[in-house]
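As structure tokens, the structure follows; a few thoughts come after it.
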Amino acid sequence: MDKLSAVVITKNEEDSIRKCLDSLDNFANEIMIIDDKSTDQTVHIAKSEYNAKVIINDSKGSFDKQRNLGIEAATCEWILQMDADE
């Protein structure tokens, strides 16, 4: 079993998503993006450049639900939760 899933919640983070995902690229076995209906290139960047798994979900202001959705979808033994601007 892979060890680490990184769950990253996003919304219109095209300016910061690369820096975030670059920091995860060499040690996370899986990158899960839970996106709050971004209207920019966030999802495209995550999928095409980092092979991230993406779930698009309207948060309706509930970041807890976004994080929980990522936890449920993650497949690794450990989970690291982040915001894209961290």
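Considering all projection directions equally, how large on average is the shadow of the alpha-carbon convex hull of the chain, in square nanometres? Mean shadow area of the hull around the Cα atoms is 4.9 nm².
Under a Cβ-Cβ cut-off of 12 Å, what is the net charge of the residues other than GLU86 that fall near it, where Lys and Arg count +1 and Asp and Glu count -1? Summing Lys/Arg as +1 and Asp/Glu as -1 gives -2. Accessible surface area normalised per residue over the chain is 60 Å², counting heavy atoms of protein chains with a 1.4 Å rolling probe.
In a reduced charge model with +1 at each Lys and Arg Cβ and -1 at each Asp and Glu Cβ, region 1-76 shows a dipole moment near 180 debye about its Cα centre. Rounded to a whole number of µm²/s, how large is the Stokes-Einstein D of region 34-80 at 10 °C and 1.306 mPa s, given Rh as the Kirkwood radius over C-alpha pairs? Translational D for this selection: 138 µm²/s. Under a straight-distance cross-link criterion of Cα-Cα below 18 Å, which lysines are reachable from LYS47, leaving out those fewer than 8 residues away in the same chain? Partners within reach: LYS11, LYS19, LYS37.
Please list, in order, the residues from region 47-86 whose amide nitrogen is less than 11 Å from a point placed 7 Å along the Cα→Cβ vector of LYS37. Flagged as within label range: 57-61. Of all aspartates and glutamates in the structure, the ones whose alpha carbon falls short of 15 Å from that of LYS65, not counting any fewer than 8 places away in one chain, are ASP35, ASP36, ASP83. Carbon and sulfur together cover what percent of the accessible area of the chain at a 1.4 Å probe radius? So the carbon and sulfur contribution to the accessible surface is 45 percent.
The values are calculated or read from the model by the stated rules, or taken from the named source; none is laboratory data. What you see is a predicted model, and the numbers here were worked out from it, not measured in a lab. All Cβ positions, even for glycine, are placed from backbone atoms using ideal geometry, and neighbour counts span all protein chains on display. Only protein heavy atoms, including side chains, enter the accessible area calculation; ligands, DNA and RNA are left aside. Shrake-Rupley method; radii C 1.70, N 1.55, O 1.52, S 1.80 Å.
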